[in-house]
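Remarks on the structure that follows.
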Amino acid sequence: MGRGRGRLRFGQAVVRWAAAAIVAMTVVAPAFGSSQTLAEVKTRGSLVCGVNEGLPGFSFVDERGVWSGFDVDFCRALAAAVFGDASKVKLVPLSADARFQALRDGKIDVLSRNSTWTMGRETEFGLTFVGVTYYDGQGFMVPRALHVNSALELDGAKVCVQSGTTTIDNLADFFASNKMTLEQVVSSSTDESIKNYDAGLCSVLTSDLSQLYALRLRLSKPRDQVILPDVISKEPLGPVVRDDDLQWINIVKWVHFVMINAEELGVSSRTIDQALQSPKPEVRRLVGTNGNFGEQIGLTNAWAANIVRSVGNYGEVFDRNVGEGSPLELPRGLNNLWNKGGLQYAPPIR
Ligand SMILES: N[C@@H](CCC(=O)N[C@@H](CS)C(=O)NCC(=O)O)C(=O)O
C-alpha cells in the first residue's frame with residue numbers, strides 16, 4: 001500500500017515534472033519565434049521604417065517618388081532579411097523632433113535616420129541602438145567669402161541649427177567651453193535650415209559632418225561654402241528599435257553585422273552566386289550553406305544571402321550612396337573595416 005502510494009506519488013511527480021518541462025519549453029523555446037514585432041511585420045507583409053525627410057546620400061526621394069540612400073538601404077536590407085524581398089518596405093519620413101516618439105508609439109518598426117546613439121536616448125525613451133552604421137562627428141559650414149579657418153573664430157556668430165538633435169546641445173557646450181557667445185537660429189526641418197542659411201539669416205550652419213556634405217548639395221551655391229576642419233563631438237549613428245523585443249533587436253543588429261562581415265569576407269552582390277558554392281567555412285556560415293543561423297534567429301537560412309544579393313555588403317552600400325561612387329564623395333575614414341584602419345567591426349557568425 002505504502003509502496004503503491006509511493007509509486008503513485010512517483011508517477012504523479014513524473015507527470016508533474018513532464019508538465020513543468022513542457023511549460024518551461026514553451027517559455028524557453030519561442031525565444032526565436034515569439035517576437036511581436038516580427039510577427040506584426042510578417043502579417044502586414046511589409047516593414048515600416050522611419051527615415052529622414054530629405055538628406056541626399058542618406059535618405060532622399062526623387063521626382064518620381066523613388067527613395068534612395070544609406071539609411072534607406074538599411075531598411076531595404078532588413079526587408080530582404082525578413083521577406084527575401086528588399087522592396088517590402090514602407091518608408092516613413094520623420095523630423096528630428098518626431099522620430100523617437102514615433103518609434104515608441106509603434107508607428108514604425110525601426111528607425112534608420114541619422115540618429116546619434118546616446119545614453120539618454122536609450123534610458124529615457126526605452127529604446128535600443130543596435131550598432132553604429134556610420135561613425136560621424138559634428139562640424140560647421142560657413143560661406144567661403146568669410147575667410148574663416150577654424151571654429152574657434154566663430155565668437156559672436158549667428159548659427160543655424162535644428163531642434164530635437166544632439167547638434168543643438170553640442171553647439172551650446174562647444175561655445176560655452178571655449179568662452180564664446182553665439183546667437184542660435186533654430187529650425188525644425190532641413191528645408192527651413194537650408195532656407196535660413198541661403199537667405200543669410202545665419203552665417204554658420206552646424207550639423208553632423210556627413211549631413212553638412214549632403215546639405216551643401218542642396219544649397220544654391222555649394223561651391224561657395226567651406227566645411228571647417230573642426231570636429232566637435234562624437235556622433236555614432238545607427239538604427240534604433242524599442243527595447244522590449246529581444247528577438248527583433250537581434251534581427252536588426254545582425255542585419256548590420258551581416259553587411260560588415262560580408263564586406264570583410266569579400267562577399268558582394270556581384271559575387272554572391274560564387275559565395276554560395278564557396279568551401280570556406282566562414283563564407284558558408286554567412287550565406288547559409290552551413291549551419292542554421294537564419295532559422296535560429298526566426299528567419300530563413302537564406303536571410304544573409306538575400307541581404308547581400310539585393311542590397312549589397314556594407315562597402316557597396318557606403319560607396320554608392322555616400323562614398324566615392326556618389327556625389328558626396330565622403331572618405332571611408334572611421335567607417336572603414338577594422339582591418340583597414342577603421343572602426344567597423346562585426347562579431348563572427350558561428
Ligand atoms: N545625429 C544627430 C542629428 C540628426 C538630425 O536630425 N540632423 C538634422 C540636421 S541635417 C537633420 O537630419 N534634419 C533633417 C530633418 O529633420 O528632416 C541626432 O541624432 O540628433
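Scanning the stretch 96-111 for residues that are charged (D, E, K, R) and within 10 Å of the ligand (Cβ to nearest atom), which turns out modelled with the lowest pLDDT? Quick ask: steps written out before the conclusion?
We begin by selecting, within the stretch 96-111, every residue charged (D, E, K, R); these are 97, 99, 104-105, 107, 109.
If we keep only those that are within 10 Å of the ligand (Cβ to nearest atom) as well, we get 97, 99.
On the way: Asp97: 95, Arg99: 98.
The extreme case among them is Asp97.
Restricting attention to the stretch 269-289, which residues are within 30 Å of Asp245 (Cα to Cα) and surrounded by 18 or more Cβ atoms within 10 Å (Cβ to Cβ)?
Of everything in the stretch 269-289, those that are within 30 Å of Asp245 (Cα to Cα) and surrounded by 18 or more Cβ atoms within 10 Å (Cβ to Cβ) turn out to be Val283, Arg285, Leu286, Val287, Gly288.
Is it the case that Leu215 is in a helix (DSSP H, G or I) and modelled with pLDDT under 95?
Values: in a helix (DSSP H, G or I): yes; modelled with pLDDT under 95: yes.
Yes; evaluated as a whole, the condition is true for this residue.
Only residues that are surrounded by fewer than 19 Cβ atoms within 10 Å (Cβ to Cβ), outside any strand (DSSP E or B) and more than 16 Å from the ligand (Cβ to nearest atom): list them for the stretch 112-164, please.
Gly126, Arg144, Ala145, Leu146, His147, Val148, Asn149, Ser150, Leu152, Glu153, Asp155, Gly156
Only residues in the stretch 77-104 that are touching a residue at least 24 places away in the same chain (Cβ under 8 Å) count as the first member; pair them with residues that are among the basic types (Lys, Arg) and within 12 Å of the ligand (Cβ to nearest atom), Cβ under 9 angstrom, at least 6 apart or cross-chain, and list the lot.
If the second residue must be among the basic types (Lys, Arg) and within 12 Å of the ligand (Cβ to nearest atom), the pairs left are Pro93/Arg113; Leu94/Arg113; Ala96/Arg113; Arg99/Arg113; Phe100/Arg121.
Can you name the residue in the stretch 218-243 that is of a type outside the set (Asp, Glu) and assigned to a helix (DSSP H, G or I) and is also farthest from the ligand (Cβ to nearest atom) among such residues?
At the first step, the residues of the stretch 218-243 found to be of a type outside the set (Asp, Glu) are 218-223, 225-229, 231-234, 236-242.
Restricting the remaining residues to those that are assigned to a helix (DSSP H, G or I) gives 222-223.
Details: Pro222: 15, Arg223: 20 Å.
This residue is Arg223.
Quick one: in the stretch 213-232, of everything that is touching a residue at least 60 places away in the same chain (Cβ under 8 Å) and touching a Phe, Trp or Tyr at 6+ places or on another chain (Cβ under 8 Å), which residue is surrounded by the fewest Cβ atoms within 10 Å (Cβ to Cβ)?
Residue satisfying both the conditions and the ranking: Ile227.
Which pairs turn up if I take residues in the stretch 118-130 that are under 23 Å from Cys75 (Cα atoms) and look for partners that are within 15 Å of the ligand (Cβ to nearest atom) and in a loop (DSSP other than H, G, I, E, B) with beta carbon separation below 7 Å, at least 6 apart in sequence or on another chain?
Partner pairs satisfying both residue conditions: Phe129/Trp117; Phe129/Gly238; Val130/Gly238; Val130/Pro239.
Looking at Leu201, is it in contact with a Cys (Cβ under 8 Å, 6 or more places away or on another chain) and outside any helix (DSSP H, G or I)?
Values: in contact with a Cys (Cβ under 8 Å, 6 or more places away or on another chain): yes; outside any helix (DSSP H, G or I): yes.
Spelling it out, Leu201 is indeed in contact with a Cys (Cβ under 8 Å, 6 or more places away or on another chain) and outside any helix (DSSP H, G or I).
The values are calculated or read from the model by the stated rules, or taken from the named source; none is laboratory data. Remember, it's a predicted structure, so these values are computed and weren't measured experimentally. So basically every Cβ, Gly included, is an ideal-geometry build from the backbone, and we count neighbours across all protein chains shown.
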